[in-house]
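The values are calculated or read from the model by the stated rules, or taken from the named source; none is laboratory data. Model, not experiment: these values are computed from the prediction. For neighbour counting, all protein chains shown are included, and Cβ atoms are generated from backbone atoms with ideal geometry for every residue, glycine included. Calculation scope for accessible area: heavy atoms of the full protein, side chains included, ligands and nucleic acids excluded. Shrake-Rupley method; radii C 1.70, N 1.55, O 1.52, S 1.80 Å.
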Amino acid sequence: MMIKGYYLDGQTSKRVPARLEIVNRTEAMLKLSLETIGLDVTALESIEKTFLIALHDLTFESRLGNTPREIIIAGEQLFVSDDNDGVDALLRAFKSHAQITGKNSVVQGVGARASHSLLYKVESNLSMIIVAAIFSVAMMWAFFVFALPALSKSLAFKLPDTMTQKLGSSLPILDKTIFDDSELSAQRQAEIQQLFLPYIEQYPKLNAQIIFRAANMANAFSLPNGDIVFTDKFIELADNDDELIAVFFHELGHLQHRHLTRRAIQGSLVSVVIFFMTGDLDTADAVIGLPTLLADMAYSRDFEREADAFALQALQDNHIPVQSFANIMEKLTQLNVKDENSLWGLRSSSTVVEYLSSHPSPQERINRVKQLKEAH
Amino acid sequence: MDTVSDGANLAATPNTYNNSISNSSARKLPFEFRGDGMEYFKIWIVNIFLTVLTLGIYSAWATVRSNRYFYSNLYLEDVNFRYLANPITILKGRLIAIAALIAYIVASSLIPMLGIALLITLLVAMPYLVNQSMAFKMRMSAYKNIQFRFKASYGEACMVLFVWPILGIITLGILYPLAFLKMNQYVVRNSAYGTTKFNFTATYKDYGVVFLIMLGVGLVCSLFIWLINTFMPVLSPVSMLIMVLMYFGMIVYFIVSMNTIFYSHLNIAEHSFATTINMMDLAKVILINIGLVIVTFGLYLPAAKVRMTKYLASTISLNAVGSLDHFVAAEQENISALGEEFGNVFDFGV
């Protein structure tokens, strides 16, 4: 049994063709032959040098894909060979011989050095690969769908208020970029504040604060510190106080369930987990944004549903018709469809869009109200 | 930060390098990556599988196997590179770094002041950790059984991590190309192959031109988009398209220019490097990769990494003057993976 390769002494970058072969199985001895070419250029004949090496002076690197096998000699010299099968056969030869003769020290030595070839077997076994792929995908799915939301939920409720206050400090940035001061009259603002006041007092722990801003869209949203922002266009959109209260309850639902904090925690955990699963951020960098974004949107839809449920319950508790929630959703949808039409010139209603959306489809939300009404 | 002795040590290196006289004509030696997407996918998926099964412990072994695959498949003159790290070393570093991260999160949420104190400690330690991380990366890489190495002072790391970037911002970007130059000089000039140091000859101008071109293109495109949006609002989808194209183009241009500047000014002894990387080819590789990764829900990720590495390796070549047989190894040295793992966990690094 002879393995061809090359030898590097670890002192200089000179590569020397070499051969490795077994001399004596019982003594676990090998022979390394080097084809050194004489320093004198005129010497045409190659000079061969041979060394005897004990097996326990060799460290066999584990086999890895198509890469050449590296055998470390006495900790610093290196024998490299493309003949992976030959190296494996050599190890097996020592092992089987040692088993027959009962020389346990040799078996253990070889065993320890060749243990990593198990990984190679796993990595080149098709059914193992399929099992690993299905298992990994399933684990990822289970983690993102069940474990992560549960984890971030419990974290969000354990976070001290100082942290959530910090998270709420994004309003000044929004003021600088997309918001202007509200153009609603002071009287109208006071009216709305007065309208919400009894309901704010129902949930004193949430520390809700109503804020008015002007922007070129109809929207209402909450910040982790309890700020609930209404845009002027949104106030104009609502036909009556009940509709305003319905949306206010929805935002209160976000606060009650600490959705924004949970979303922030989940967002950072998703990237951490993807990093640990795939092991490198370099490749993932270009595409890591995508799964993170998709996951974030899926979580966001769940949160919207949770906030919707909170709003509908609160409306019923306060004897306000739940239809007002459906009405304001309907109006928002029509407005958004109009906006989208003017921008893209097409109407998007496919299910793909549903997946790519941060909110449940308005139809779904309106249907829920209908179901609720029928149930009562 | 025992730099004095190191400086003396490295200053002596030109003498230890054995000049070859016999052959002085330059040969163009291409780098070649012989990895295979399917083969790496198998290694990658088994890595994930075992990492999950062992609750993350295997991740250190996974890192080593993955890195070994990429180093061992990179060939120059028909000889492959090697990755030498021991998984146990990486695991230790990783566990300490994660423990530090958890301690930081817990401490800062309970006592905000303590969090700030820890953050300052991390900032102070960062230059040291980045030096360690670079040293680990280099020491764990070998070619022809000779290790690469890296030695930089705390002060140097401080300059490239904090001082130059801050100066770049204060001067409204005028000195920002200099921060890039200094960073690359720090990386290259403190690196060595065995006892032979690398050299880097790029200038402020090389980087400045890239930044000016990007600024110019950015301004022209913004003007164009503004014109469309103001005078032809109907065409606003077109302006969106221009924005996306500009963004993508800028990224590709930046990667290509940085690579070109880096390799065309990189030298070791009398050997120099060159790259043929270009925007069209790189854009093609990126787009194919992104497309396939999306279609396969991420399962193409390992093959995408192989394709990118294959392309990048194929663009780089070494202009060797004479033989590459005369590089000499430096003394052995043990470096912990702490800096490397802190960099990964706290998201900093070079």
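General observations
- Verdict on B:Phe33 being touching a Ser or Thr at 6+ places or on another chain (Cβ under 6 Å), closer than 15 Å to A:Thr67 by Cβ and either open to solvent by less than 30 Å² (accessible area, probe 1.4 Å) or modelled with pLDDT of 95 or more (or both): yes
- A:Phe51 meets all of the listed conditions (1) at pLDDT 90 or above; (2) surrounded by fewer than 20 Cβ atoms within 10 Å (Cβ to Cβ) but one, namely (1).
- Condition check for B:Gly218: under 24 Å from B:Leu282 (Cβ atoms), open to solvent by less than 40 Å² (accessible area, probe 1.4 Å), part of a helix (DSSP H, G or I) and of a type outside the set (A, V, I, L, M, F, W, C): yes
- When the strands (runs of 3 or more DSSP E) confined to segment B:24-95 are screened for residues that are more than 7 Å from chain A (Cβ to nearest Cβ) and among the aliphatic types (A, V, I, L, M), those reaching at least 2 such residues are found at B:26-33, B:74-76.
- Inter-residue pairs, beta-carbon under 8 Å, first within 12 Å of chain B (Cβ to nearest Cβ) and in segment A:1-19, second small (Gly, Ala, Ser) and surrounded by fewer than 21 Cβ atoms within 10 Å (Cβ to Cβ), 6+ apart: A:Gly5/A:Ser81; A:Tyr6/A:Ser81
- With respect to the conditions (1) within 14 Å of chain B (Cβ to nearest Cβ); (2) modelled with pLDDT of 85 or more; (3) surrounded by 15 or more Cβ atoms within 10 Å (Cβ to Cβ), A:Leu58 lacks only one, and its number is (1).
- Exclusive hit being part of a loop (DSSP other than H, G, I, E, B) and either in contact with a Pro (Cβ under 8 Å, 6 or more places away or on another chain) or not hydroxyl-bearing (Ser, Thr, Tyr) (or both), set B:Ala135, B:Ala157, B:Ala125, B:Ala152: B:Ala152
- Within segment A:123-140, considering residues that are closer than 12 Å to B:Ile45 by Cα and modelled with pLDDT under 85, the one farthest from the other protein chains (Cβ to nearest Cβ): A:Val137
- Of all residues in segment A:1-15 being modelled with pLDDT under 90 and within 21 Å of B:Thr196 (Cα to Cα), the one that is surrounded by the most Cβ atoms within 10 Å (Cβ to Cβ): A:Ser13
- Top-ranked residue in segment B:135-180 [being out of contact with any strand residue (DSSP E or B) (no Cβ under 8 Å at 6 or more places or on another chain) and of a type in the set (Val, Ile, Thr); ranked as nearest to the other protein chains (Cβ to nearest Cβ)]: B:Ile169
- Yes/no for B:Ser317 being within 14 Å of another protein chain (Cβ to nearest Cβ) and more than 30 Å from B:Leu122 (Cα to Cα): no
- Complete set of residues in segment B:219-243 that are among the β-branched types (Val, Ile, Thr) and within 14 Å of chain A (Cβ to nearest Cβ): B:Ile228, B:Val234, B:Val238
- Residue in segment A:96-105 that is crowded, with 18+ Cβ neighbours inside 10 Å and at pLDDT 85 or above present: no
- Residue in segment B:276-290 that is buried (at least 18 other Cβ atoms within 10 Å of the Cβ) and touching a strand residue (DSSP E or B) at 6+ places or on another chain (Cβ under 9 Å) present: yes
- Residue within segment A:181-201 that is on the phi > 0 side of the Ramachandran plot and under 41 Å from the mean Cα position of the chain (by Cα) present: no
- As a summary of the residue check, B:Tyr186 satisfies the conditions (1) modelled with pLDDT under 95; (2) closer than 30 Å to B:Ala97 by Cβ except for the one numbered (1).
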